[in-house]
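Participant: Attaching a single structure in structure tokens format; questions to follow.
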């Protein structure tokens, strides 16, 4: 297994609501947050990489929409994910 797969499975196991949960909003937000942090670090060294910047903005928007959805459907999970990820 690659380190990327291991990191992703760790994130899934931390935020999953049951054993085979990979698509819940909380898991998706956690995975997107990890990827956003990686891309932000990449863009600090590669300032002219505009295609990655566009992808980063798309991911931030998707995460924002998922957070708003979670806020309206499950307030407890929303507060937990905000606290755990420091969003």
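Participant: Kindly list, by first and then second residue, each pair from a residue in the range 60-87 that is within 14 Å of residue 34 (Cα to Cα) to a residue that is surrounded by 12 or more Cβ atoms within 10 Å (Cβ to Cβ), limited to pairs with Cβ atoms under 6 Å and residues at least 6 apart or on different chains.
Facilitator: Listed pairs, sorted by first residue: 63/29; 63/32; 81/26; 81/29; 85/33.
Participant: For residues in the range 13-30 being surrounded by 18 or more Cβ atoms within 10 Å (Cβ to Cβ) and without any contact (Cβ under 8 Å) to a residue 24 or more places away in the chain, which is farthest from the chain's Cα centre (by Cα)?
Facilitator: Applying the filter and picking the extreme gives 24.
Participant: Of the residues in the range 19-53, how many are over 19 Å from residue 66 (Cα atoms), out of contact with any helix residue (DSSP H, G or I) (no Cβ under 8 Å at 6 or more places or on another chain) and part of a loop (DSSP other than H, G, I, E, B)?
Facilitator: Selection size over the range 19-53: 4.
Bear in mind these aren't lab numbers, they're just calculated from the coordinates by the rules spelled out. All figures in this text were calculated on a predicted structure; none of them were measured in a lab. Backbone-built Cβ (ideal geometry, glycine too); neighbour counts: all protein chains shown.
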